[in-house]
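A.B. asks: I have a structure I would like to understand better, so I am pasting it below and will then ask my questions one at a time.
We did not get these values from a lab; they are worked out from the coordinates using the rules stated. Because the structure is a prediction, the values reported are computed rather than measured. Cβ coordinates were reconstructed from backbone atoms using ideal geometry, including for glycine residues, and neighbour counts include every protein chain displayed.
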Amino acid sequence: MEYLSTLNINNIFDLLGTFAFAVSGIRLASYKKFDLFGAYVIGLITAIGGGTVRDILLGVSPFWMHEPSYVVVTGVALLATQIFKTGLFRWGKTLFLFDSIGLGLFTVVGFEKSLAAGYPFWVCIMMGAITGSVGGVLRDVLINEIPLLFRKDIYALACVAGGIVYSVCHLIGMSALVTELLAAVTVVIIRIIAVSMNIQLPYLK
């Protein structure tokens, strides 16, 4: 029963992260004047890119090839951006908000899938960061922007921090739900604090 409960929570986190990242990709594509199909493709790649790279590194088939819900959720995200575009697009921080939420949720998903595959914590932390950040990298490359991961922004490091929090919570025996929420919230809060207080990594000179 506990396994099924955890599995359902993981699925919810996965789909919420997919929706959040898809919205961030679609919204950014709209600024580049993409058509509806192009915006959908960018949203889908943003949502599944990190998890695809993770699964390839773990030696398993990409997750979205076994479950069509990710394709459907991206379509729902596209529909939502069209219905609520006045509110969403008028708010300048929408992209940042959805990107941060997706980053936190996907970090947790990547960590847990790697942990379930039997990998040590340091690998799980790396896979969580890859799951959370690579989709955004692919999005930025396709729309001809410098990826956030390669700029001064605290981005992948937020994923690493979330993975460390997950590791500590798991080791001390906290419940799965609390562990997941704390790890995801850690990533989101670090991103918010870093951007609002202009905390950045130094340039390479």
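A.B. asks: Compute the angle between helix 121-142 and the longest alpha-carbon principal axis of the chain, please, reported from 0 to 90 degrees and rounded to the nearest 10.
C.D. replies: The two axes meet at around 10 degrees.
A.B. asks: If you fit an axis through the alpha-carbon atoms of helix 2-31 and take the longest principal axis of the Cα set of the chain, what angle between them do you get, 0 to 90°, nearest 10?
C.D. replies: Once rounded, one gets 20 degrees.
A.B. asks: Moving on. So what are the three principal axis dimensions of the range 69-184 from its Cα atoms, in whole Å, longest to shortest?
C.D. replies: For the range 69-184, the Cα spread along each principal axis is 46, 29, 24 Å.
A.B. asks: Let me ask something else about it. Counting only C-alpha contacts under 8 Å and six or more residues apart, can you give the relative contact order of the range 2-196 as a whole percent?
C.D. replies: 24
A.B. asks: With a 10 Å Cβ neighbour count serving as the proxy for reagent exposure, in which order, fewest first, do K33, K85 appear?
C.D. replies: K33, K85
A.B. asks: In addition: Counting other C-beta atoms within 10 Å, which of V160, V187, V195 has the fewest, and how do the rest follow?
C.D. replies: Listed from fewest to most nearby Cβ atoms, that is V195, V160, V187.
A.B. asks: Note down, for the chain, the three equivalent ellipsoid semi-axes (square root of 5 times each alpha carbon gyration tensor eigenvalue), biggest first, whole angstrom.
C.D. replies: In descending order the semi-axes read 26, 20, 16 Å.
A.B. asks: I would also like to ask the following. Among F106, F34, F63, what is the fewest-to-most ranking by other Cβ atoms within 10 Å?
C.D. replies: Lowest to highest Cβ neighbour count: F63, F34, F106.
A.B. asks: Now for a separate question. Counting only helical runs of four or more DSSP H residues, what would the 222 nm mean residue ellipticity of the chain come to if each run contributes -39,500 (n - 2.57) and the total is spread over all its residues?
C.D. replies: Dividing the helical sum by the residues of the chain leaves -26000 deg cm²/dmol.
A.B. asks: What is the angle, in °, between the Cα long axis of helix 176-196 and the longest principal axis of the Cα atoms in the chain? Nearest 10 is fine, range 0 to 90.
C.D. replies: Here the helix axis deviates by roughly 40 degrees.
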